[in-house]
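Report on the following structure.
The values are calculated or read from the model by the stated rules, or taken from the named source; none is laboratory data. Everything numeric in this text was worked out from a predicted model, so none of it was measured. Using ideal geometry, Cβ is built from the backbone for each residue, glycine included, and neighbour counts are taken over all protein chains shown. Side chains are part of the model used for accessible areas, which takes the heavy atoms of the whole protein and leaves out ligands, DNA and RNA. Shrake-Rupley method; radii C 1.70, N 1.55, O 1.52, S 1.80 Å.
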Amino acid sequence: MRHSLRLLLSLLPFLLIACGGDSEEAQTGTSSAHAAGGAPVKQAVQRFRSPDVQALRMALDLGLHRDAVELLEKVDPLELGIEHPLLLARLATLESRDVDVTPLIEKARAAAPTDARVYATAAELHAASGRLETAASELTRGLEACGASPELLRAQGVLMICKQGRAQQGIDLFLRALSYDKSLPFTVRPRAQGYLLLAKVALSEQRPQAALELAKLSLSLDSLDIDARLFFADVLASNGEYPDAVKVLEELQIEGLDRKSELSLMYKRAALGELVLGRKEASLDYFRMARAAGLSDDELGSGADQLAAAAKLAMNGGVESFRAGNLDLARIQFERALSYDPDSLVVKTQLAAVLFQQEKYLPAATHYREVLDVAIAEQLALPDPIHIFLAKALYKAGDANAAKQVLEAYIVRDPEGEWVSATGALLAELK
């Protein structure tokens, strides 16, 4: 194995020289490109190019399992020749059926021992599974059996991006391979992963703008990669682009990918970022969304205090507006207070009173019922007869039976309660 690695390293300079991509031949993809002392790069193989086959290659490249399975059923194995077992080997790797990979590779190798696609596929699948020495050995065998080729350049690129700190070399190899064969398959996701690795390095080196550009390059190739999208949100936030960062995570959540944890933390991160920038209202909105997404007051930290302060300020403004007879402004302020403190029974009660005065009886009843349900569940002593307010709102809303049930339930629940007399009187009126 060590001998194979040494041989690969001795041949690698010829690969790199032959694939420099600067010559006219390299740019046009013609065969037998030579550089001083370099080995020729062979003519690109003639691949079967039906739409289904090309879609199949792309599905396997991007890891789209369902699409790959469906497309495999449509293609003709005889038309594909040795590529068919190689595609099956890629599917087996995608399905984590490593035990099936080697027999499929060897079947193709037995049929075409000098086809670079065999060795390239073997090297790439071994590298992707973490067997880097085996991948290097396959590359050496491929060079010996086939000579330099775009496929083996691509495979060398895959091996490079699987090694720490070698992503840029991998990208360079992919681009050189494509300079010889512009339609070379199985280069999209590897390039996307290479750019993603470079982006992560850039961010770790405190180069957020470079990281952002590299992350965009990665997603331009593979827009469905979850890791890349999560990182993209992170790097957007690192560049102060909080609305866009939040949008990326919200889209993942909408797609059913359950990224609520990352989203709630991003809301908090955005809130703190907006606060630093002096945008207090935007900061409060993000803190509010972070709480709604599941962060506790302890997890919100100072954000919880800021929400409480904002809720109190809005509530006081609502009280003043209510006393001044400005019901519309009072409602707006109480609703704002409730958005900052959605569990406040005081604010719900005040908002319900305003809604009742505005003859919005059903919304008023909704808030009164929420207050009453919490009080009953937690055995709280309310300072006001909320059940009476609720019954009146329900009656005004046209539901007399529900109003009576609320009053009767109070008498049963608290037959010696403070408001039994008033409750009975109202019940008699409703009957």
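Taking the highest mean first, how do the peptides 413-424, 124-135, 263-274 order by number of other beta carbon atoms within 10 angstrom per residue?
Highest-to-lowest ranking by the protection proxy: 263-274, 124-135, 413-424.
Length gain on complete extension for the stretch A377 to A309, per 0.36 nm per residue less the alpha carbon to alpha carbon distance?
Extra length available between A377 and A309 comes to 21.8 nm.
Just from its helices, what would the mean residue ellipticity at 222 nm be for the chain, if runs of 4 or more DSSP H residues each count -39500 (n - 2.57) and the sum is divided by every residue, rounded to the nearest 500 deg cm²/dmol?
It comes out at -23500 deg cm²/dmol, rounded to the nearest 500.
Simple spin-label model, 7 Å along Cα-to-Cβ: V412 to R49 in nm?
It works out to 8.0 nm between the two label points.
Of (1) -0.65, -0.79, -1.21; (2) -0.58, -0.80, -1.17; (3) -0.47, -0.71, -1.22, which is the value of log10 I(q)/I(0) by the Debye sum over Cα atoms at q = 0.08, 0.10, 0.14 Å⁻¹ derived from the coordinates here?
It is the one labelled (1).
Determine, from the Cβ-Cβ distance of E213 and S183 and an R0 of 25 Å, the FRET efficiency 1/(1 + (r/R0)^6), rounded to the nearest 0.05.
0.45
Around L265, what is the net charge, scoring Lys/Arg as +1 and Asp/Glu as -1 over all other residues with Cβ under 11 Å from its Cβ?
Local charge sum for L265: +1.
Given springs between every Cα pair under 10 Å in a Gaussian network model of the chain, which of F334, F287, F322 has the largest fluctuation?
Most flexible of the set in this elastic network: F322.
Give me the accessible area per residue for the chain, probe 1.4 Å, as a whole number in Å². Display every interim value, and only then the final one.
Details: 21540 Å² over 431 residues.
Accessible area per residue: 50 Å².
For the pair N316 and R279, what calculated FRET efficiency results from E = 1/(1 + (r/R0)^6), where r is the Cβ-Cβ distance and R0 = 25 Å, to the nearest 0.05?
With a Förster radius of 25 Å, E is 0.65.
Could you give the nm distance between label points at D343 and H65, where each point is 7 Å from its Cα heading toward the beta carbon?
4.0 nm
Tell me which of L249, A310, L300 sits at the most positive position along the dipole axis of segment 218-366, charges placed on C-beta atoms (Lys, Arg +1; Asp, Glu -1).
About the Cα centre, the residue reaching furthest to the positive side is A310.
Kindly write out, for segment 295-302 in residue order, the coupling ³J(HN,Hα) from the Karplus curve 6.51 cos²θ - 1.76 cosθ + 1.60 (θ = phi - 60°), rounded to whole Hz, with x marking Gly and Pro.
So the J values, rounded to whole Hz, are 6, 6, 4, 4, 6, 6, x, 5.
What is the calculated FRET efficiency for A425 to S296, with r their C-beta to C-beta distance and R₀ = 56 Å, to the nearest 0.05?
About 0.80, to the nearest 0.05.
Taking θ = phi - 60°, what integer Hz values does the Karplus form 6.51 cos²θ - 1.76 cosθ + 1.60 yield along segment 121-129, in sequence order, with x for Gly and Pro?
With coefficients 6.51, -1.76 and 1.60, one gets 4, 4, 4, 5, 5, 5, 5, 5, 8 Hz.
Hey, what do the phi angles of segment 276-289 turn into as Karplus ³J(HN,Hα) couplings, whole Hz, using 6.51/-1.76/1.60 and θ = phi - 60°, x for Gly and Pro?
Per-residue couplings from phi come out as 4, 7, x, 9, 5, 5, 5, 4, 4, 4, 5, 4, 4, 5 Hz.
Any chance you could give the angle, 0 to 90 degrees and rounded to 10, that helix 150-161 forms with the longest Cα principal axis of the chain?
50 degrees
What is the gain in length, in nm to one decimal, between S261 and Q164 on full extension, counting 0.36 nm per residue of separation less the C-alpha to C-alpha distance?
32.0 nm
Need the list of aspartates and glutamates near K404 for cross-linking: C-alpha distance under 16 angstrom, and skip anything on the same chain fewer than eight residues off.
Straight-distance partners of K404: D414, E429.
So, with a 1.4 angstrom probe, what is the percent of accessible area on segment 286-428 that is carbon and sulfur?
Ligands and nucleic acids excluded, carbon and sulfur reach 51 percent.
Round to the nearest 10 and give me the degree value, 0 to 90, for the angle of helix 242-254's Cα axis relative to the longest principal axis of the chain.
Relative to the chain, helix 242-254 is tipped by roughly 90 degrees.
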